[in-house]
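The values are calculated or read from the model by the stated rules, or taken from the named source; none is laboratory data. Note that the coordinates shown come from a computational prediction; the quantities given were computed from them, not determined experimentally. Methodologically, a virtual Cβ is constructed for each residue, glycine included, from the backbone with ideal geometry; neighbour enumeration extends over all protein chains shown.
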Amino acid sequence: MQLELASVIDAVADSLTGNVLELTELDAAIGDGDHGLNMCRGGEALRAEVGSMATMSVAQSLCHAGHILAMTIGGAAGPLYGSMLMAMGKTIGPEPGLAELGKAMLAGVQAIERIGKVVAGQKTMLDVWKPVSQHVALDGATVQSIRKLASEAAAATVPMVAMRGRASHLGERSIGHMDPGARSSELMILAVLDAVEWNR
Amino acid sequence: MTDRVGLVIVSHSIDIARGINDMIRQIVGAELKVAFCGGNADGGLGTNVKAIQDAIDAAWSPAGVAILVDLGSAEINSELAIEMLPPDRRDTVVVCNAPIVEGSVVAATEARSGALLKEVRRIAEELSPQ
């Protein structure tokens, strides 16, 4: 898979910046309202590092990006996104195909489960990353099928009861709101897919 | 002297972390390795993994390190800091699921008595509602 790193990072950072208000509102409804700005900060920090990552291998740049996100996003999302990318970097080979990328994503999913002590169905970012990663790893996924699944998975967090993070204190009152981490995960996946299509 | 378990206090607020450190010092004196951190990378409320890594290094003991945390991201950042340790240290650092003030004091008292890491953790976690 040939993909220019700068275009991927630009797409992700632009998407997070462009949707900051929505993420803020989602997080204000069931969390502390800082997820939008936190994610923007992470996106911009990645953009600032594009130059230094240009000379790295895929594995190195994933690990480096993970470090950056863990240090800059803050909240619970920072270490979770960071650990996911670092675990992917430890797993992925030099010129990954789609299935190998999916395998690395599954290693990232395990890191989220381990560090966040979270399982599927608890209204978190895992509810997007787990089905999407399994799909990419196993199903002969296409840009369209990944896009569809990511959006469906984020939407599926709306009726869930939050069991982790600050939203868990709301119990049943968390029902009816999309999980902000699931939405930012969806946004990033869609942004990467946009970059894939532009690169064609 | 046998090695005692070290303690790390991780709060969203550096003032809370420092206050707990003061309480521990009053109770167990200077004979325990205790490190604390709080605040995000910009100095605001939050936690950051680099500061936690530094605190683990400062409190490092061959007997291990017990970490006491306050809210969500303190726990997750601490778990990440442990994951980023060299493999030979990873199994000797644990996050205690305990209230941060009471847990820190109990853990410190237990650690000073020379208890093993798993004992320090167990006693601190007894304070958590099940």
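Could you identify the single residue in A:Ser52, A:Ser61 that is touching a helix residue (DSSP H, G or I) at 6+ places or on another chain (Cβ under 6 Å), in contact (Cβ under 8 Å) with a residue 12 or more places away in the chain and part of a helix (DSSP H, G or I)?
Only one candidate qualifies: A:Ser61.
Restricting the range A:19-38 to residues that are more than 16 Å from the chain's Cα centre (by Cα) and free of Cβ contacts under 8 Å to residues at least 40 places away in the same chain, the residue that is nearest to A:Gly75 (Cα to Cα) is A:Gly33.
The residue pairs whose first member lies in the range B:84-109 and is more than 15 Å from B:Val69 (Cβ to Cβ) and free of Cβ contacts under 8 Å to residues at least 40 places away in the same chain, whose second member is not hydrophobic (A, V, I, L, M, F, W, C) and not in a helix (DSSP H, G or I), and whose beta carbons are closer than 7 Å, counting only pairs six or more residues apart or on different chains, are B:Thr92/B:Gly64. For A:Ser83, the requirement of being modelled with pLDDT of 95 or more and away from every other protein chain (no Cβ under 14 Å) is not met. When B:Ile52, B:Ile76, B:Ile56, B:Ile82 are checked against the criterion of being β-branched (Val, Ile, Thr) and under 16 Å from A:Ala77 (Cα atoms), B:Ile76 stands alone in meeting it. Remark: A:Thr24 falls outside the filter, which requires a residue to be of a type in the set (Val, Ile, Thr) and either modelled with pLDDT under 95 or in contact with a Ser or Thr (Cβ under 7 Å, 6 or more places away or on another chain) (or both). Being assigned to a loop (DSSP other than H, G, I, E, B), loosely packed, with under 15 Cβ neighbours inside 10 Å, modelled with pLDDT under 95 and at negative phi is the requirement here; does B:Asp88 meet it? In short, no.
Remark: pairs (first residue in the range A:76-93, under 8 Å from A:Ala59 (Cβ atoms); second residue among the polar types (S, T, N, Q); Cβ separation under 6 Å; 6+ apart in sequence or on different chains) are absent. Restricting attention to the range B:60-84, the residues being within 13 Å of chain A (Cβ to nearest Cβ) and either closer than 26 Å to B:Thr2 by Cβ or not acidic (Asp, Glu) (or both) number 12.
Give the residue that is nearest to the other protein chains (Cβ to nearest Cβ), with candidates limited to residues of the range B:1-59 that are more than 21 Å from B:Arg112 (Cα to Cα) and in contact (Cβ under 8 Å) with a residue 60 or more places away in the chain. Checked the range B:1-59; the qualifying residue nearest to the other protein chains (Cβ to nearest Cβ) is B:His12.
A:Lys117 falls short on exactly one of the conditions (1) touching a Ser or Thr at 6+ places or on another chain (Cβ under 7 Å); (2) within 19 Å of B:Gly72 (Cβ to Cβ), and that condition is (1). Taking the listed residues A:Ser133, A:Ser174, the one that is away from chain B (no Cβ under 14 Å), among the hydroxyl-bearing types (Ser, Thr, Tyr), touching a residue at least 12 places away in the same chain (Cβ under 8 Å) and over 23 Å from A:Glu25 (Cβ atoms) is A:Ser133, with no other qualifying. With respect to the conditions (1) in contact with a Cys (Cβ under 6 Å, 6 or more places away or on another chain); (2) not in a helix (DSSP H, G or I), A:Met86 falls short on a single one, namely (2). Per the conditions (1) outside any loop (DSSP other than H, G, I, E, B); (2) among the charged types (D, E, K, R); (3) farther than 23 Å from A:His67 by Cα; (4) at pLDDT below 95, the sole criterion not satisfied by B:Lys50 is (3).
Among the residues of the range B:25-33, is there at least one that is touching a strand residue (DSSP E or B) at 6+ places or on another chain (Cβ under 9 Å), among the aliphatic types (A, V, I, L, M) and surrounded by 22 or more Cβ atoms within 10 Å (Cβ to Cβ)? No, because not a single residue in the range B:25-33 is touching a strand residue (DSSP E or B) at 6+ places or on another chain (Cβ under 9 Å), among the aliphatic types (A, V, I, L, M) and surrounded by 22 or more Cβ atoms within 10 Å (Cβ to Cβ). Inspection of the range A:117-131 identifies no residue that is touching a helix residue (DSSP H, G or I) at 6+ places or on another chain (Cβ under 9 Å), crowded, with 20+ Cβ neighbours inside 10 Å, among the small types (Gly, Ala, Ser) and under 23 Å from A:Met39 (Cβ atoms).
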